[in-house]
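See below for the structure under consideration.
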Amino acid sequence: MRALKITVRYDGTSYFGFQKQKNVVTLQEIFEKGLQKIYDTKIKIQYAGRTDKGVHAKCQVISYSDNGKIPTDKLYRMLKKHLSGVFQIVSVIETKEDFDPRRHASYREYEYLIYDGIQDIFLDRYMQFVPSFDYEIVNESIKGLIGRKDCIAICYNPEQYQNTIIDIYKVEIKKDNYKMFNCEGNVFKFTIVASSFLQHMVRKIVGLILEVNNKKITIEEFKKIINGDMPFNWAMAPAKALFLSDITYN
């Protein structure tokens, strides 16, 4: 048997996340139906990240095994044909037989996009509008996120996990200018790199960052909430501006 590693991109707006679920349309279901058209049999895939409803991916890694009869360059073209409009196929390569795209990932990177200026219907599809974003204050607040953290306070339904300790390697916000759709202003890209992510973890962090931005909590309170030392209820940031942006394997 031949093991395959396939890297894809997708717009998650219209789908109920990646993982297959009953009675809703998911990206895993669509990908596996595409494979069934190619192989004329059902194939179950493995994948690196279970992106939630409405979340996008610039880099999702999928793996499965086949009999090796279809050359990888031809398989690449067939996947493009059968999955066009939902997935962008980036690459198709052979890999080790025991490759597991989730367990073998060294770290993952997520990005969240925020913009200011004038709210626009097109920008709203992939970015979160914040009329007045205090870059300096927010940038200061996130400095305490790096390191080994118990993330029980910043995930959804922590009871589902045996372990909520996460190594966070990088957190940053970059500011840039945009001018498009007759609008102009600033776009802020929040990037976080970690060993793994708990459910809704990034959206919970961004939601809390926006509480700092809106002067609902102080930077010190932000740190206490993140560390689980201060109870606080806050809204998650919307899914539409979140991207699984990179996955690294050593």
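So the values come out like this:
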{"quantity": "Virtual spin-label span in nm between Asn67 and Gln88, 7 Å along Cα→Cβ", "calculated": "3.4 nm"}
{"quantity": "Full-stretch length increase - Ser196, Trp234 - with 0.36 nm per residue and alpha-carbon distance subtracted", "calculated": "11.4 nm"}
{"quantity": "Long pairs among Lys22/Lys149; Lys170/Lys240; Lys81/Lys175; Lys53/Lys74, criterion Cα-Cα beyond 29 Å", "calculated": "Lys22/Lys149; Lys81/Lys175; Lys53/Lys74"}
{"quantity": "Zero-based 10 Å bins, Cα pair distances in region 52-194, whole percents", "calculated": "9, 26, 30, 24, 11, 1"}
{"quantity": "Residue order, fewest to most beta carbons within 10 Å, for Arg103, Arg50, Arg203, Arg108", "calculated": "Arg103, Arg50, Arg108, Arg203"}
{"quantity": "Neighbourhood charge, 13 Å Cβ-Cβ cut-off, centred on Phe188 and excluding it, Lys, Arg +1 and Asp, Glu -1", "calculated": "-3"}
{"quantity": "Extension gain, Thr41 back to Ser106 (0.36 nm per residue minus Cα-Cα distance, nm)", "calculated": "20.2 nm"}
{"quantity": "Projected area, mean over directions - region 2-95, Cα convex hull, nm²", "calculated": "5.4 nm²"}
{"quantity": "Most mobile of Asp11, Asp116, Asp66 in a GNM of the chain (Cα contacts under 10 Å)", "calculated": "Asp66"}
{"quantity": "Signed unit charges on C-beta, dipole axis of the chain, positive-most listed residue Met78, Ile225, Ser14", "calculated": "Met78"}
{"quantity": "Ranked His56, His104, criterion: other C-beta atoms within 10 Å, fewest first", "calculated": "His104, His56"}
{"quantity": "Paramagnetic reach from Glu140 in region 203-225 [backbone N under 16 Å; point 7 Å along Cα→Cβ]", "calculated": "209-224"}
{"quantity": "Karplus (6.51, -1.76, 1.60) ³J(HN,Hα), θ = phi - 60°, over region 98-107, in Hz, Gly and Pro reported as x", "calculated": "8, 4, 10, x, 8, 6, 8, 6, 6, 7"}
{"quantity": "Label-point separation, Gln19 to Ile118 (7 Å along Cα→Cβ), nm", "calculated": "4.3 nm"}
{"quantity": "Proxy reagent accessibility, fewest Cβ within 10 Å first, across Cys151, Cys183, Cys59", "calculated": "Cys183, Cys59, Cys151"}
{"quantity": "Radius ratio Rg over Rh of the chain, counting only Cα atoms, Kirkwood formula for Rh", "calculated": "1.00"}
{"quantity": "Whole-Å distance, taken between Cα centres, linking region 145-207 and region 20-77", "calculated": "26 Å"}
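Rule-based calculations on the coordinates, nothing more; no lab input. Remember, it's a predicted structure, so these values are computed and weren't measured experimentally. Ideal geometry is used to build each Cβ from the backbone, glycine not excepted, and the neighbour counts take in all protein chains shown.
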